[in-house]
Every structure is written in C-alpha cells, then in structure tokens.
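Enquirer: The following block contains the structure, expressed as structure tokens.
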Amino acid sequence: MKISKYNSVLFDCDGVILNSNIIKTDAFKSIFVPFGDTIANEMVEYHISNGGISRYEKINYFINTYIKNKDDNYRENLRIELLNNFTKIVKEKLISSEVCGDLKLLKKSTINSNWLIISGGDQKELNYAFMKKNISTLFEGGVFGSPSTKFEIIKREISRNNIVEPVLFLGDSKLDFEVAKFFNFDFIFVTQWTEFNNWKIFFKNKKEVTIVDSPSSILKL
C-alpha cells in the first residue's frame with residue numbers, strides 16, 4: 001500500500017491510537033454496578049457491541065431502556081450524573097494509556113497528508129489527553145469527537161475542505177468500517193487492541209479491507 005498517496009488520513013482513537021478500549025469498558029461497568037450486576041453486564045455487552053458510538057448515545061440507551069418509568073427530571077439528572085461519573089474515571093486514565101508505536105515514523109511517510117482523529121470519545125477529553133501525551137501536533141487536521149457523531153464530523157470537515165480525497169480511514173470497529181464505506185474511503189482495520197470479537201468472520205470476504213496489527217504495520221505493506 002502506498003500510504004503517501006492519501007491527502008487525508010483519518011484515525012479512530014480508542015483501540016487505534018490509544019490502548020484505551022479496556023479503560024472505557026471498565027468505566028462503563030463501574031458506573032452501572034449500582035443498578036445490579038445483570039444490568040451492568042448487559043450494558044458492557046451493549047457497549048462492546050456498539051464500538052465507536054459515543055458515551056452520550058450509550059447512556060441515553062440505558063436511560064431509555066432501564067429507567068423509562070421514572071419522571072423526566074429524575075431521568076435527566078441521572079443521565080448527567082452517569083456522564084460525569086464516566087468522565088471522572090476515564091479522563092486521567094487516558095493520559096496513562098499506551099500510545100501505538102512508530103507514529104512519528106508513519107507521519108514521515110505521509111508528510112503531505114492531513115491527519116485527523118475521528119472518534120466516538122469526548123472531544124474535550126481527547127484533546128486534553130493528546131496534549132498531555134505531546135501527540136497533538138501530529139494531527140494538524142484536528143482531534144474530533146463526541147457529542148458529534150463520526151458521520152457528522154466527517155460531513156462537516158469535508159464541507160470545510162479539511163478532508164480531501166483520496167482519504168484513508170484507520171479504525172477498529174464495525175462502525176468505523178461502515179463510516180468509511182458510506183463516504184467511499186479506503187479502510188484499514190486495526191486489530192491490536194480491538195474489542196470487535198467477530199472481526200475475522202465479519203471481514204472474511206471483504207477483500208477491499210486491509211487488516212493490520214497496528215497503524216505502524218502499514219509501513220511494512
């Protein structure tokens with residue numbers, strides 16, 4: 001693969017740039033344990049099955065599924081409380097999470113490409129973590145996340161000419177693949193830290209998808 005041909009290179013964050021999927025899975029279980037182990041485990045399963053979707057959507061799902069009989073004021077206060085609890089757990093742990101190797105070497109191979117983060121993670125949280133890890137400057141196109149969805153972010157950045165074809169998207173979830181397919185981007189699936197357990201079956205007959213262990217593995221293609 002000639003990665004230098006791409007004008008824009010988009011990266012998911014959790015499971016691609018940072019080894020942070022497990023951090024968020026543990027955080028989701030933690031905030032739902034007060035509602036019982038059964039609900040906590042069901043929410044973890046929902047979280048993993050919907051990788052790439054923001055915490056806002058997942059917590060809304062919890063409220064609408066398990067707290068639907070409570071009044072609106074209670075539901076809204078609980079939604080805010082759960083979001084705050086999740087953020088408290090995740091924010092500092094992201095700073096200590098592992099960064100994928102050889103990012104700077106990969107950057108040199110795409111010196112004329114515009115790099116962007118397109119994540120389901122909270123945008124303010126991501127920018128804070130990237131600044132603390134001193135990797136923000138690698139992503140000159142911007143670090144973008146929720147509450148906007150990946151579809152919304154990409155549509156907006158295309159309209160701003162911040163994403164220009166040809167485009168490569170690196171992700172570790174089914175949603176990332178669906179996003180890339182929707183916009184007709186080339187797609188690389190990154191396996192190293194993915195929580196998409198059925199990816200081998202899902203991608204078995206999708207010859208258009210390149211599969212690598214980590215972003216730096218592209219340099220060996």
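Enquirer: Within region 140-151, restricting attention to residues that are touching a helix residue (DSSP H, G or I) at 6+ places or on another chain (Cβ under 7 Å) and surrounded by 16 or more Cβ atoms within 10 Å (Cβ to Cβ), which residue is farthest from S113 (Cα to Cα)?
Expert: From region 140-151, those touching a helix residue (DSSP H, G or I) at 6+ places or on another chain (Cβ under 7 Å) are 143-147, 150-151; that's our starting set.
Keeping just the survivors that are surrounded by 16 or more Cβ atoms within 10 Å (Cβ to Cβ) gives 143-146, 150.
Numbers: V143: 15, F144: 17, G145: 20, S146: 24, K150: 20 Å.
So the residue we want is S146.
Enquirer: Tell me the residue from L126, L105 that is touching a residue at least 40 places away in the same chain (Cβ under 8 Å), among the aliphatic types (A, V, I, L, M), part of a helix (DSSP H, G or I) and surrounded by fewer than 20 Cβ atoms within 10 Å (Cβ to Cβ), please. Spell out the reasoning first.
Expert: Numbers: L126 fails: surrounded by fewer than 20 Cβ atoms within 10 Å (Cβ to Cβ).
Step by step, each of L126, L105 is checked, and only L105 is touching a residue at least 40 places away in the same chain (Cβ under 8 Å), among the aliphatic types (A, V, I, L, M), part of a helix (DSSP H, G or I) and surrounded by fewer than 20 Cβ atoms within 10 Å (Cβ to Cβ).
Enquirer: Among the candidates I48, I80, single out the residue that is loosely packed, with under 15 Cβ neighbours inside 10 Å, within 27 Å of F144 (Cβ to Cβ) and among the hydrophobic types (A, V, I, L, M, F, W, C). Give the derivation first.
Expert: Details: I48 fails: loosely packed, with under 15 Cβ neighbours inside 10 Å.
So the residue among I48, I80 that is loosely packed, with under 15 Cβ neighbours inside 10 Å, within 27 Å of F144 (Cβ to Cβ) and among the hydrophobic types (A, V, I, L, M, F, W, C) is I80.
Enquirer: So D122 passes all but one of these: (1) modelled with pLDDT of 95 or more; (2) within 14 Å of the chain's Cα centre (by Cα). Which condition number does it fail?
Expert: Only one criterion is unmet by D122, namely (1).
Enquirer: Just to verify a result, which residue in region 1-20, among those that are over 14 Å from S96 (Cα atoms), of a type in the set (S, T, N, Q) and modelled with pLDDT of 95 or more, is surrounded by the most Cβ atoms within 10 Å (Cβ to Cβ)?
Expert: Restricting to residues being over 14 Å from S96 (Cα atoms), of a type in the set (S, T, N, Q) and modelled with pLDDT of 95 or more, the top hit is S8.
Enquirer: Residues that are more than 18 Å from the chain's Cα centre (by Cα) and not assigned by TED's automatic domain parsing to the domain that holds F130: does region 44-59 have at least one?
Expert: Within region 44-59, the subset more than 18 Å from the chain's Cα centre (by Cα) is none.
No, region 44-59 contains no residue that is more than 18 Å from the chain's Cα centre (by Cα) and not assigned by TED's automatic domain parsing to the domain that holds F130.
Enquirer: Based on this model, can you work out whether K88 counts as among the basic types (K, R) and in contact (Cβ under 8 Å) with a residue 60 or more places away in the chain?
Expert: Values: among the basic types (K, R): yes; in contact (Cβ under 8 Å) with a residue 60 or more places away in the chain: no.
Answer is no for this residue.
Enquirer: If you go through region 81-95 one residue at a time, do you hit one that is over 15 Å from K29 (Cα atoms) and either among the small types (G, A, S) or not in a helix (DSSP H, G or I) (or both)?
Expert: no
Enquirer: Surrounded by fewer than 16 Cβ atoms within 10 Å (Cβ to Cβ) and under 16 Å from the mean Cα position of the chain (by Cα): does that describe I67?
Expert: Working: surrounded by fewer than 16 Cβ atoms within 10 Å (Cβ to Cβ): yes; under 16 Å from the mean Cα position of the chain (by Cα): no.
Against the criterion (surrounded by fewer than 16 Cβ atoms within 10 Å (Cβ to Cβ) and under 16 Å from the mean Cα position of the chain (by Cα)), I67 does not qualify.
Enquirer: On to the next question. Name, by its number, the condition in (1) surrounded by 19 or more Cβ atoms within 10 Å (Cβ to Cβ); (2) touching a Ser or Thr at 6+ places or on another chain (Cβ under 7 Å) that does not hold for I211.
Expert: Of the numbered conditions (1) surrounded by 19 or more Cβ atoms within 10 Å (Cβ to Cβ); (2) touching a Ser or Thr at 6+ places or on another chain (Cβ under 7 Å), the odd one out for I211 is (1).
Enquirer: At pLDDT below 95, part of a helix (DSSP H, G or I) and within 14 Å of the chain's Cα centre (by Cα): is that true of E178 in this structure? Steps first, please.
Expert: On the way: at pLDDT below 95: no; part of a helix (DSSP H, G or I): yes; within 14 Å of the chain's Cα centre (by Cα): yes.
No: the conditions fail for E178.
Enquirer: Taking region 108-123, which residues are in contact (Cβ under 8 Å) with a residue 60 or more places away in the chain and over 23 Å from A180 (Cα atoms)?
Expert: As a first pass, look at region 108-123 and keep what is in contact (Cβ under 8 Å) with a residue 60 or more places away in the chain: 109-122.
Once the filter is applied, which keeps residues that are in contact (Cβ under 8 Å) with a residue 60 or more places away in the chain and over 23 Å from A180 (Cα atoms), region 108-123 yields nothing.
Enquirer: Looking for something of a type in the set (A, V, I, L, M, F, W, C), farther than 11 Å from L18 by Cβ and modelled with pLDDT of 90 or more - is there at least one such residue anywhere in region 94-101?
Expert: no
Enquirer: Got a number for residues in region 135-152 being closer than 25 Å to S96 by Cβ and in a helix (DSSP H, G or I)?
Expert: Qualifying residue count, region 135-152: 3.
The values are calculated or read from the model by the stated rules, or taken from the named source; none is laboratory data. As the structure is a computational prediction, the values presented were derived from the model and not from experiment. Every residue, glycine among them, receives a Cβ derived from its backbone with ideal geometry; neighbour counts consider all protein chains shown.
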